[in-house]
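Novice: Questions regarding the structure given below will be posed in turn.
The values are calculated or read from the model by the stated rules, or taken from the named source; none is laboratory data. Because the structure is a prediction, the values reported are computed rather than measured. Here the Cβ is made from the backbone with ideal geometry for all residues, glycine too, and neighbour counts use every protein chain on show.
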């Protein structure tokens, strides 16, 4: 296992008002990180204040909002988009346009956050970008086609971020310091995700970048 840990790191949790967001914020704060958590309303962010996070009303799927936040924060060591949700059922005939539209913000958050914070993550000595996906990508079902398609799109974008990190390091002749990771879960357990995210700064980026990790994750690589 390599240093640095999450202690002292500045980490953005975008769209963090779910149970998963609360768990991740709590774990990162316990590890000594500075956490900036975003949500669409102050009311939904109130519970995150109790974890010690700094809260910001902003739309995680908005490139304008995320770009403005990136400009305000400056140095950032981690970005985790946590916008989620599930809509589906009814076979292929049941895959409605409304369901697809409801799922699009999760992909939009991955795109907006990675775009807005790309420079900051590359500049960090331990930048981390991580997204949450589903085992449905590996075995999509008719009743969850919209959901699996959006998760697959998110995975593809996250891997493109990983390629960008690796290419930037090669082009500059510098060692790889940033990593982009996909976490997959069959049924997401907030505690598993929280432990996995808090451990990202305990590992060499070369062991993490462009990796898809099934949850729960045995985070101690030795």
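Novice: I need the full set of residues from region 135-148 which are in a helix (DSSP H, G or I) and free of Cβ contacts under 8 Å to residues at least 40 places away in the same chain, in order please.
Specialist: 136, 148
Novice: Inside region 164-176, can you point out the residues that are more than 20 Å from the chain's Cα centre (by Cα) and part of a helix (DSSP H, G or I)?
Specialist: 167, 168, 169, 170, 171, 172
Novice: On the basis of being touching a strand residue (DSSP E or B) at 6+ places or on another chain (Cβ under 9 Å) and at pLDDT 95 or above, does residue 49 make the cut?
Specialist: no
Novice: Looking at residue 93, is it out of contact with any helix residue (DSSP H, G or I) (no Cβ under 7 Å at 6 or more places or on another chain) and without any contact (Cβ under 8 Å) to a residue 12 or more places away in the chain?
Specialist: Criteria met by residue 93.
Novice: Could you tell me which residue of region 61-72 is farthest from residue 116 (Cα to Cα), considering only residues that are surrounded by fewer than 16 Cβ atoms within 10 Å (Cβ to Cβ) and in contact (Cβ under 8 Å) with a residue 40 or more places away in the chain?
Specialist: The first filter runs over region 61-72 and keeps only residues surrounded by fewer than 16 Cβ atoms within 10 Å (Cβ to Cβ), leaving 63-64, 67-68, 71-72.
Filter once more, keeping what is in contact (Cβ under 8 Å) with a residue 40 or more places away in the chain: 63, 67.
Values: 63: 7, 67: 5 Å.
So, considering only residues that are surrounded by fewer than 16 Cβ atoms within 10 Å (Cβ to Cβ) and in contact (Cβ under 8 Å) with a residue 40 or more places away in the chain, the one farthest from residue 116 (Cα to Cα) is 63.
Novice: If you don't mind, another one. In region 42-56, how many are farther than 19 Å from residue 10 by Cβ and surrounded by fewer than 14 Cβ atoms within 10 Å (Cβ to Cβ)?
Specialist: Final tally of qualifying residues: 4.
Novice: Further question on the same structure: Would you check if residue 191 is surrounded by fewer than 18 Cβ atoms within 10 Å (Cβ to Cβ), assigned to a helix (DSSP H, G or I) and free of Cβ contacts under 8 Å to residues at least 24 places away in the same chain? So that I can check it myself, show each step before the final result.
Specialist: Details: surrounded by fewer than 18 Cβ atoms within 10 Å (Cβ to Cβ): yes; assigned to a helix (DSSP H, G or I): yes; free of Cβ contacts under 8 Å to residues at least 24 places away in the same chain: no.
Considered against the rule, which asks whether it is surrounded by fewer than 18 Cβ atoms within 10 Å (Cβ to Cβ), assigned to a helix (DSSP H, G or I) and free of Cβ contacts under 8 Å to residues at least 24 places away in the same chain, residue 191 comes out as no.
Novice: Checking the condition over 17 Å from the mean Cα position of the chain (by Cα) and at pLDDT 95 or above, which residue from 69, 28, 73, 103 passes?
Specialist: Criteria check complete, one pass: 73.
Novice: Looking at (1) free of Cβ contacts under 8 Å to residues at least 40 places away in the same chain; (2) under 23 Å from residue 75 (Cβ atoms), can you tell me which one residue 130 breaks?
Specialist: (1)
Novice: Right, here's the next one. From 161, 132, 182, grab the single residue that is in contact with a helix residue (DSSP H, G or I) (Cβ under 8 Å, 6 or more places away or on another chain), part of a helix (DSSP H, G or I) and within 19 Å of residue 210 (Cα to Cα).
Specialist: Matching residue, one of 161, 132, 182: 161.
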